[in-house]
Amino acid sequence: MFSFDNYLFSLLVVLVPVFVYFAYLYKRDFFKEQSVVFGLLCCLAIIMSMSYPLELETGYIFDLRTIPWLLAFFYGGLKMGMAATAVLIIYRLFIGLDEGFFIVLVSYMLGSAAIIFFLNRFKEAMLKERIKISVCLTLLNNVLILTGIYFFMERDVLPGFFAYFMLSHLVTIILVVFIIETLKEKEQNKIALQQTERVRLIGEMAASVAHEIRNPLTVVKGFVHILKNEENLTDKQKSSLKLMDSELERAEKIITDYLSLAKSEKKNDTEIDVREIIKNTADVVEPYALMNGTTITNCIDSPYYVRGNASDLGQVFLNLFKNGIEAIDGKGEIAINAVKNGDLVDITICDTGRGMSEEEIKRLGTPFYTTKDQGTGMGTMLCYKIIDNLNGQIKVKSTRGEGTAFTISLPLCKKQK
Ligand code: ADP
Ligand code: MG
């Protein structure tokens, strides 16, 4: 009767695209629109499942099309999910306009509505919660289809068929979500490792460059001093030399700052209040913001104590605020918020600026990467470095034309846990 090989075949049809995508294509550079590729693979899996269904016993047709359909929503996004729904329904129409078609039409339309309702929760959830949501949505869809079959097609459906249908779907969705999440995590760990390596390299590079520049600078400074003490200099020469001296002083200061940051073995063991640092920094950039038509809204309403160095952390916020202000054309807003998240505090800085593409987000933190005429491309690099030193993390979410949110997670002090 309902044999296991049948199920294994349907499972294969669903798993192949998932493997192809997450093992070979995910986060690679050949495709700009990753989610579209995944959506298309899901559509292919849907068509394959429907083209090669299993006839468990005469009249009992079964396939796993629901699984790639759900995956298209979960991992391809709303648009790809809708596309998959359309493909599924249209392809079913192509197979035949019978009762079965209307059952499919109604249950997948209702199912889509339910998924859309849960989609955001799914996106924000961790593995366990994701499995729970996908199990519930699979169950809902199964119940809709089976009810349809029961009432509109066959009253005397074998209970065994119902059980087989439900069970195979549940096992598959749990398996597939688990596999996808594991593959994704592996890929993300790799990226995190590369990021750490990048940060380390930057540190070394900055230190050696700064060091190399400092020596010739000292020599030049010495000669300027000698020249300044010369007699019979004209007033113009005197003032030029004075200017040279002060500019050299400034260059030296910048280098010293960068050098100390590159080492950044500054003590990180004072307890500092993030709210206060943010407030001070926001006050500092306020005039610059106003000049550019940006309002800064600070919504942090309680202190959050972390271990760190106040001036380093101030630098981070200063850079992020400045980038936010510079990303906004005309009027806009920067909103700052902080929430406790377990042992961490998540500080979010949202701007309503021009946003960034996936590609641009990836390049953030690389030295000298800038899109501005007057930019240095050092700002975000320093932020990554400093936050990394404090055992924190920076996450970036950005939508082109809508804005950017930087979230900094820092470990809270014991007294606040
Ligand atoms: P700089 O500000 O000197 O260009 P950064 O390292 O601070 O260097 O930033 C690098 C680049 O990242 C910027 O030139 C900009 O293109 C992009 N960027 C950073 N923050 C934002 C933001 N909030 N919104 C849009 N783009 C941003
Ligand atoms: Mg900057």
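The values are calculated or read from the model by the stated rules, or taken from the named source; none is laboratory data. Please read these numbers as outputs of a predicted model, since none were measured by experiment. Counting neighbours? That spans all protein chains shown, and the Cβs are built from the backbone with ideal geometry, glycine included. What goes into the accessible areas is simple: the full protein's heavy atoms, side chains included, and nothing from ligands, DNA or RNA. Shrake-Rupley method; radii C 1.70, N 1.55, O 1.52, S 1.80 Å.
Over the residues of the chain, compute the C-alpha Rg and express it relative to 2.2 N^0.38 Å.
1.36
Ratio of Rg to Rh for region 4-193, alpha carbon only, Kirkwood?
Computed over Cα atoms, the ratio is 0.97.
Pop out the carbon and sulfur fraction of the accessible area of the chain as a percent, whole number, probe 1.4 Å.
Whole-percent figure for carbon plus sulfur exposure: 62.
Express the C-alpha Rg of region 102-185 as a ratio against the empirical globular expectation 2.2 N^0.38 Å, rounded to two decimals.
So region 102-185 has a normalised radius of gyration of 1.21.
Rounded to the nearest 0.05, what FRET efficiency do residue 86 and residue 301 have when you use their Cβ-Cβ distance and R0 = 51 Å?
Computed FRET efficiency for residue 86 and residue 301 comes out at 0.65.
What is the calculated FRET efficiency for residue 105 to residue 44, with r their C-beta to C-beta distance and R₀ = 25 Å, to the nearest 0.05?
0.70
Once you place label points 7 Å from the Cα toward the Cβ at residue 208 and residue 12, how far apart are they in nm?
5.3 nm
So if R0 is 45 Å, what FRET efficiency would residue 219 and residue 280 give, r being the distance between their Cβ atoms, rounded to the nearest 0.05?
For R0 = 45 Å, the calculated efficiency reads 0.75.
In 5 Å bins starting at 0, how do the alpha-carbon pair distances of region 271-416 split up by percent?
It works out to 2, 10, 20, 24, 22, 14, 6, 2, 0, 0, in whole percents.
Can you grab the distance from the C-alpha centre of region 341-417 to the C-alpha centre of region 224-254, Å, no decimals?
Each part reduced to its Cα centre gives a spacing of 40 Å.
Starting from the Cα-Cα distance between residue 36 and residue 372, subtract it from 0.36 nm times their residue separation and give me the gain in nm to one decimal.
Once the chain is fully extended between residue 36 and residue 372, it gains 117.9 nm.
Among the helices of the chain (complete DSSP H runs), which have Cα atoms covering no less than 30 Å along the helix axis and a Kyte-Doolittle mean of at least -1.0?
Span-like helices in the chain: 99-124, 127-148, 159-228, 235-263.
Normalised by the residues of the chain, what does the relative contact order come to in percent, with Cα pairs under 8 Å and at least six apart?
Computed value for the chain: 10 percent relative contact order.
Taking 0.36 nm per residue of separation and subtracting the Cα-Cα distance, what length does fully extending residue 179 through residue 156 add?
Extra length from residue 179 to residue 156 when fully extended: 4.6 nm.
For region 92-241, what is Rg from Cα atoms divided by 2.2 N^0.38 Å, rounded to two decimals?
2.37
Positive end of the charge dipole of region 88-142 (Lys, Arg +1 and Asp, Glu -1 on Cβ, about the Cα centre): tell me which of 139, 90, 109 has its Cα farthest that way.
Final value for the positive-end residue is 139.
Where only protein heavy atoms count, and the probe is 1.4 Å, what is the accessible area per residue for the chain in Å²?
Dividing the accessible area of the chain by its residue count gives 56 Å².
So how far apart, in nm, are the two label points at residue 271 and residue 416 if each is 7 Å from Cα heading toward Cβ?
1.1 nm
Which of the trypsin sites (Lys or Arg not before Pro) across region 82-127 are loop residues per DSSP, with 16 or fewer other Cβ within 10 Å?
In loop regions of region 82-127 (DSSP not H, G, I, E or B), there are no sparsely surrounded trypsin sites (Lys or Arg not before Pro).
Can you give the Rg to Rh ratio of region 198-262, both from alpha-carbon atoms, with Rh computed by the Kirkwood formula?
Looking at region 198-262, the ratio lands at 1.17.
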